[in-house]
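Here's the structure, in structure tokens; my notes come after.
Read-outs throughout are calculated quantities, based only on the coordinates presented, and are distinct from any laboratory measurement. Keep in mind the model is a prediction, meaning the values are calculated, not measured. In this analysis, Cβ positions are derived from the backbone assuming ideal geometry, glycine residues included, and neighbour counts consider all displayed protein chains.
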């Protein structure tokens with residue numbers, strides 16, 4: 001189920017953060033108390049069905065209580081074609097699991113993630129940036145959840 005905001009989102013239990021990509025999706029996950037966020041290897045997928053299948057398995061294995069997906073909006077707040085792709089992906093994922101899903105504006109999350117990575121090789125940026133962006137998205141979501 002896709003929630004309109006974090007008001008009814010779980011406040012305890014593992015939460016997974018996703019930075020969706022057509023080929024590579026960044027993944028981060030919290031501990032049970034939502035105190036710590038751990039970066040996971042990004043999921044490199046052939047197509048949306050492959051990605052969703054792998055995510056559903058991960059969600060079950062990790063006993064995930066909630067899903068936060070970064071929503072790529074333009075800097076003026078309007079939606080793009082990629083925004084539609086992310087919403088379509090989330091709607092399809094919601095049909096495969098009963099875990100609550102919330103979106104969070106991911107504007108500048110990749111820039112913040114790259115900045116937090118410091119000086120690294122270009123190859124490492126490509127391999128790690130998506131999951132670092134998922135970490136930023138998830139940390140921002142946790143801050144919102146804890147304020148409510």
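Annotations
- Spin-label model, residue 107/residue 32: points 7 Å from Cα along the beta carbon direction are separated by 3.8 nm.
- In summary, segment 50-112 shows an alpha-carbon radius of gyration equal to 1.20 times the 2.2 N^0.38 Å reference for compact globular proteins.
- Modelled label reach - residue 148, point 7 Å along Cα→Cβ, segment 6-31 residues with backbone N closer than 15 Å: 6-13, 15-16
- Taking all C-alpha pairs of segment 1-46, those more than 14 Å from each other amount to 57 percent.
- A simple spin-label model places pseudo-atoms 7 Å from Cα toward Cβ; at residue 5 and residue 88 they are separated by 3.0 nm.
- Gyration tensor over the Cα atoms of the chain: the corresponding equivalent ellipsoid has semi-axes (square roots of 5 times the eigenvalues, largest first) of 21, 18, 17 Å.
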